[in-house]
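In what follows, a structure is listed as structure tokens, so that the remarks can point back to it.
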Amino acid sequence: MSKTIVWFRKDLRLHDHPALVEAAAHGEVLPVFILPKVRHAASDWWLHHSLLEIIQRFEDQQIQFIIREGQPVEQLMKLIEESGADQLTFNELYDPESREIERELAKACEKQRVQVRSFQGTLLVAPDVIFNKTNQPYKVFTPFWKRLRQEPIAAPFATPELIPSTVKYYSLSSGEWGLLSANRWYDKLMNHWQPGEVAAMERWETFRDSGLYDYLVGRDLPAQASVSRLSPYLAWGNVSVRSLWHGAIAAADDVGDQQVEAFIRQLAWRDFDNYQLLYFPEMITKPVRPEFEKFPWQPADSRLEVWKTGHTGYPLVDAGMRELWETGYMHNRVRMVVASFLIKHLLIDWREGMAWFEETLVDLDIANNAMGWQWVAGSGFDASPYFRVFNPILQAKKFDEDAQYIKKWLPELTDMPVKFVFEPAEAPDDVLKAAGVTIGTTYPAPMVDHQAARARALAAYDTCKNT
Ligand code: FAD
């Protein structure tokens, strides 16, 4: 009987998995995952639990899900030899390293006369079908979005029937994966998340029946449960973006077209970021706009640590950084504010912040992360202009007006009246005393003055913008 190896990567699910569907139609299926060599603590924790789930789901159908480590092409060719598989399938990825591996794999399979077939199963639309009028890749989101909106988005595939198999191959046990970092800080992530495909579906349904009704406005309010929090599920492919797209459109009669349009537009940002990564692969390491290469960054000294641990003296920034440390997630509005603070108030290189997010985000997606940081820095193609320096106090007053989010993550400010909570250091002594706050002891004074930092940031930008 024909046997197909299905190489799983960022698609740890059984639904809408074109590579699995093709394999199942062909005969026996041999699913395999090769452990990544680079470690990212929170995202690895998510991976660990997603793997445990998918192993179990295949086992329930009497199919072994194999885990290996090492160079992917070498490992896959070895497995082809061991199993006698005559076909290999996978869903494509668009980062430079994955693409290089895919090319090498195609060559190796051709040499061994093994058929290799790849599919678009990660994005809404394959990135090589959308170009502008001059046949160039889009650099700006809005025209990309208008173009994408005209494309038919493929309907998701159902989970295929699989043929059970009793043959067993070598596979690493979970204790050998090395995905759980030694300090176990991520243990608390368990209190906030349930990784895997089954939980992804539950989260989607909860969001569809609640948050989606208020997404258009609510998505900017970090204290509200109006965003989906599906990003970590999308990052490891526990859920397919096409099924979310079609699920949202099907809900339009109930929740309203505007809410749905706003949500699917955000899904398209994820497509756009990955699309940009395909055409501008250097965006994960350097500024897309070359003038920013000369930006006079200051050294990432102890101030970086103050930012990471959420002790800047700006409550919205600190609340965001503490949310990240506690949960491996931060609301999008707050991500923009904390990133702006690091880049513009502290003049610390955005790559330092990006690296901290890589370590701590459960939803780490290298395209979204790099694009998010370059957007805030002003160094991306479609970026917020550099001179737009977020005022962390006004942002808090506008998007967290009752300070619910701030108080949730900064328990030391719980008793501060809302009137003073956005600038605790400015509160009168009796207010501070009544709230049990001592500036410099229980909560820090602002580490930089906003107006002075803003002026310094703009002056720094002036030195590089015309070069
Ligand atoms: P929802 O509002 O429910 O949106 C649904 C989905 O749409 C998200 O899960 C995500 O896949 C996509 N999406 C939403 N907003 C954006 C956006 N601005 N850019 C790209 N895709 C978006 N997102 C990541 O998935 N991984 C990252 O590593 C990441 N790093 C970021 C770093 C910075 C500095 C910034 C400003 C943003 C970053 N984002 C990242 C984008 C965004 O913050 C998250 O996708 C979003 O907060 C996830 O929450 P959600 O699933 O509740 O979003």
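Quick rundown of the values:
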| read-out | value |
| --- | --- |
| Accessible area of the range 2-122 divided out per residue, in Å², using a probe of 1.4 angstrom | 39 |
| Additional length obtainable on full extension of the chain from F131 to Q61, 0.36 nm per residue less Cα span | 21.0 nm |
| Under 15 Å from the Cα of K408 - aspartates and glutamates, other chains or at least 8 residues apart | D318, E323, E326, D400 |
| Neighbourhood charge, 15 Å Cβ-Cβ cut-off, centred on E293 and excluding it, Lys, Arg +1 and Asp, Glu -1 | +2 |
| Cβ-based charge dipole, the chain, positive-most Cα from P72, L244, Y138 | Y138 |
| Range in the chain, longest, excluding exposed chymotrypsin sites (Phe, Trp or Tyr not before Pro) [loop by DSSP; at most 14 other beta-carbon atoms within 10 Å] | 171-386 |
| Alpha carbon centroid spacing (whole Å) that separates the range 394-467 from the range 123-140 | 42 |
| D (Stokes-Einstein, µm²/s), Kirkwood Cα radius, the range 257-325, 1.567 mPa s at 4 °C | 83 |
| Anisotropy class of the range 1-128 from Cα gyration tensor, a/c 1.5 cut | rounded |
| Under-17-angstrom lysine pairs by C-alpha in the range 2-122, whenever the two are 8 or more apart or on separate chains | 4 |
| Kirkwood hydrodynamic radius of the range 177-234, Cα pairs, Å | 13.1 |
| 12 Å cut-off, amide nitrogen to a point 7 angstrom out along T463 Cα→Cβ, residues in the range 276-303 | 294-299 |
| Tail beyond 25 Å, pair distance distribution of the range 317-467 (Cα, percent) | 33 |
| Cβ-based charge dipole, the chain, positive-most Cα from M330, S43, Q150 | Q150 |
| Measure of compaction for the chain (Cα Rg per 2.2 N^0.38 Å) | 1.04 |
| Where only C-alpha atoms are counted, convex hull volume of the range 45-113 per residue in Å³ | 113 |
| With at most 14 neighbouring Cβ atoms within 10 Å, loop GluC sites (Glu not before Pro) (DSSP) excluded, longest segment of the chain | 162-400 |
| Spatially proximal lysines relative to K294 (Cα-Cα < 27 Å; intrachain offsets below 8 disregarded) | K139, K286, K308, K344, K465 |
| Probe 1.4 Å, accessible area per residue of the range 290-465, Å² | 40 |
| Charge dipole magnitude, Cβ of K and R +1, D and E -1 - the chain, Cα centre, debye nearest 20 | 980 |
| Contact order relative to length of the chain, as percent, for alpha carbon pairs under 8 angstrom and 6 or more apart | 17 |
| Carbon + sulfur, % of accessible area of the chain - ligands and nucleic acids excluded, 1.4 Å | 51 |
| Lys, Arg +1 and Asp, Glu -1 on Cβ, resulting dipole of the range 290-465 about Cα centre, debye, nearest 20 | 380 |
| Largest to smallest accessible area among T89, T166 [probe 1.4 Å] | T166, T89 |
| The range 143-301 shape via C-alpha gyration tensor axes, a/c threshold 1.5 | rounded |
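The values are calculated or read from the model by the stated rules, or taken from the named source; none is laboratory data. Computed from a predicted structure; not experimentally measured. Positions of Cβ are generated from backbone atoms using ideal geometry, with glycine treated the same way; all protein chains shown enter the neighbour counts. The area values use the complete protein model at the heavy-atom level, side chains included, leaving out ligands, DNA and RNA. Shrake-Rupley method; radii C 1.70, N 1.55, O 1.52, S 1.80 Å.
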